[in-house]
1. Return the total of residues in region 148-168 being away from the ligand (no atom under 11 Å from the Cβ) and under 22 Å from Met34 (Cα atoms).
2. If a residue must be more than 19 Å from the chain's Cα centre (by Cα), more than 10 Å from the ligand (Cβ to nearest atom) and among the hydrophobic types (A, V, I, L, M, F, W, C), how many such residues does region 33-75 contain?
3. Find all pairs meeting these conditions: Cβ atoms under 8 angstrom apart; at least six residues apart or on different chains; first residue within region 7-33 and farther than 25 Å from Asp155 by Cα; second residue more than 6 Å from the ligand (Cβ to nearest atom) and basic (Lys, Arg).
4. Inspect region 82-89 for any residue being of a type in the set (Val, Ile, Thr) and surrounded by fewer than 20 Cβ atoms within 10 Å (Cβ to Cβ) and give the result as yes or no.
5. Just one of the numbered conditions (1) open to solvent by 90 Å² or more (accessible area, probe 1.4 Å); (2) at pLDDT 95 or above; (3) in contact with a Leu (Cβ under 9 Å, 6 or more places away or on another chain) is not true of Thr198; which one?
6. What are the pairs with Cβ atoms under 7 angstrom where one residue, in region 167-188, is under 22 Å from Val59 (Cβ atoms) and the other, located anywhere, is charged (D, E, K, R) and within 14 Å of the ligand (Cβ to nearest atom)? Sequence gap at least six, or different chains.
7. Does Val108 meet the test of being among the β-branched types (Val, Ile, Thr), closer than 17 Å to Gly12 by Cβ and modelled with pLDDT of 95 or more?
Amino acid sequence: MRIVLLGPPGVGKGTQGRCLAQESGIPLISTGEMLRDAAARGTPFGLEARRQVDAGLLVADDVMIGLVKERTSELDAAKGYVLDGFPRTVPQAVALDDMMRGRGPLVVVDIVVPEDVLMRRLAARRICGSCGINASIEWTTACGSCGGQLVTRTDDEDGVVHERLKVYHRQTKPIVEFYAGRPTFRHIDGNQPPDVVTAALSAAIREASLVPAPVKITPGAAL
Ligand code: ADP
């Protein structure tokens, strides 16, 4: 099972992706988390990426494609994976199709939430300073997983969020069009309680996975 979660910042891809990956026994591959990790480790790549991320901009396509290619070829990803944050541009989507060649269908789910709700969620979003898990100060004051202290992501600061939403509309939204005509593409409503979204996501994936693969007709073959 290879699943792509699409949607703007704050739509719930990370939260839902984590549940889905746990339920399905496949890894969650979050490019945002990979970049934050590299930045926290202080690698030259991580520090360079942080400059882009903190300005609300995207990291270069070739760098992200290389990173995802490497991660998806690790052993734990052989059975499948949930991608959160990739692809984020049309060239990344084209590269993903290339990586997927001969590996079964890619299920793509676009999570939809109105922009005013996104802004409210991003203002309340925090991550755990110890384990990096997402949390919202609308619901909690400490990390639900390890009890760690919650901190604001630098790219969730007020000015940066506006830039990220602009970048989303300019560079990422076009990939919804890129996938929209495929039989394994679905939209779901992300403006519902988290467990209702989880159920809608599972149902969409189940239904999309049942779509039969296109039959290859060899010219001249007897039918
Ligand atoms: P969110 O959860 O709000 O959508 P992420 O945690 O996925 O944000 O990503 C944080 C930042 O990391 C992005 O704003 C961007 O700068 C960078 N990033 C993550 N994935 C990619 C990608 N596929 N291509 C380019 N930049 C990326």
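The values are calculated or read from the model by the stated rules, or taken from the named source; none is laboratory data. Note that this is a predicted model, so its numbers are computed, not measured. Glycine also receives a Cβ, built like all others from the backbone with ideal geometry; neighbour counts cover every protein chain displayed. Surface areas here come from the heavy atoms of the whole protein model, side chains and all, with no ligands, DNA or RNA. Shrake-Rupley method; radii C 1.70, N 1.55, O 1.52, S 1.80 Å.
1. Total meeting the criteria: 6.
2. 4
3. Matching pairs, first to second residue: Gly25/Lys79; Ile26/Lys79.
4. Among the residues of region 82-89, not one is of a type in the set (Val, Ile, Thr) and surrounded by fewer than 20 Cβ atoms within 10 Å (Cβ to Cβ), which makes the answer no.
5. Exception for Thr198: condition (1).
6. Gln171/Arg88; Thr172/Arg88; Val176/Asp110
7. Yes: the conditions hold for Val108.
Every residue, every condition in (1) within 18 Å of the chain's Cα centre (by Cα); (2) modelled with pLDDT of 95 or more; (3) within 13 Å of the ligand (Cβ to nearest atom), yes or no:
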residue	(1), (2), (3)
Gln92	yes, yes, yes
Ala95	yes, yes, yes
Asp116	no, no, no
Ile133	yes, no, yes
